[in-house]
Amino acid sequence: MANISDRNSLDHADVRIPPPLIYLVGFVLGLLLERAFPVLVLPKTPSRVAAVLCVALWAILTVWSIGLFHRRARAFFPSKPTTTLVVYGPYKFTRNPMYFGLVCLYLGLALWLGVFWAVMLLPAVIALIQHYVIAREEQYLERKFGEEYLRYKAGVRRWV
């Protein structure tokens, strides 16, 4: 495992676990728990309506965010170097629209499928993303962009 000084010399965030994998593992664990200990507490119609809204929000945030990255010729993978800050579009409202979008997708699928345990595990998934991904990305961006990133960070919330 790289120590802090090793990470400081890298030109990327040193994120070792692909963020979608963290969401996927949490969801699969929720499915397994649901199979072992079924809980039928999610009302079907309201859950389905909320699920559609969540998945729609995920699609909008993801397409919008990736489009901005492609227009700026910037990699959107945390294991690649960042050449510029993207601070407009959905990034004016949240510093992490793609991760927030993945929260929406995760929640939408859990609600649509009625997987109560996945819903219950979502806070743990978010905590893992925060600790193992976002914290590293923020350290990297502070190191790379300095005051510019600190101003952006002070003015825009991490999630929403």
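The values are calculated or read from the model by the stated rules, or taken from the named source; none is laboratory data. Given the structure is predicted, the values throughout are model-derived calculations rather than measurements. Virtual Cβ from ideal backbone geometry, glycine too; neighbours counted across all protein chains shown. Protein only, heavy atoms only, side chains kept; ligands, DNA and RNA dropped before computing areas. Shrake-Rupley method; radii C 1.70, N 1.55, O 1.52, S 1.80 Å.
Can you confirm whether residue 131 is open to solvent by 40 Å² or more (accessible area, probe 1.4 Å), modelled with pLDDT under 95 and under 12 Å from the mean Cα position of the chain (by Cα)?
Taking the combined requirement at face value, the residue satisfies it.
Every residue in the range 38-52 that is part of a helix (DSSP H, G or I) and surrounded by 14 or more Cβ atoms within 10 Å (Cβ to Cβ), please.
Answer for the range 38-52, where residues must be part of a helix (DSSP H, G or I) and surrounded by 14 or more Cβ atoms within 10 Å (Cβ to Cβ): 47, 48, 50, 51.
So residue 103 ticks every box in (1) part of a helix (DSSP H, G or I); (2) loosely packed, with under 15 Cβ neighbours inside 10 Å but one. Which box is left unticked?
Result: residue 103 fails condition (2) only.
Kindly provide the set of residues from the range 149-160 that are open to solvent by less than 30 Å² (accessible area, probe 1.4 Å) and in a loop (DSSP other than H, G, I, E, B), ordered by number.
Passing the criteria: only 156.
How many residues are surrounded by fewer than 19 Cβ atoms within 10 Å (Cβ to Cβ) and part of a helix (DSSP H, G or I) when one looks only at the range 134-148?
Number of matching residues: 10.
In the range 115-128, what residues are assigned to a helix (DSSP H, G or I) and more than 19 Å from the chain's Cα centre (by Cα)?
Hits for the range 115-128 are 116, 117.
If you check every pair at least six apart or on different chains, which have Cβ atoms under 8 Å apart with a residue in the range 20-49 that is more than 12 Å from residue 111 (Cα to Cα) first and a residue that is of a type in the set (Ser, Thr, Tyr) and modelled with pLDDT under 95 second?
Once the first residue is more than 12 Å from residue 111 (Cα to Cα) and sits in the range 20-49, its partners that are of a type in the set (Ser, Thr, Tyr) and modelled with pLDDT under 95 give 22/132.
Can you confirm whether residue 86 is surrounded by 15 or more Cβ atoms within 10 Å (Cβ to Cβ), assigned to a helix (DSSP H, G or I) and of a type outside the set (D, E, K, R)?
Criteria not met by residue 86.
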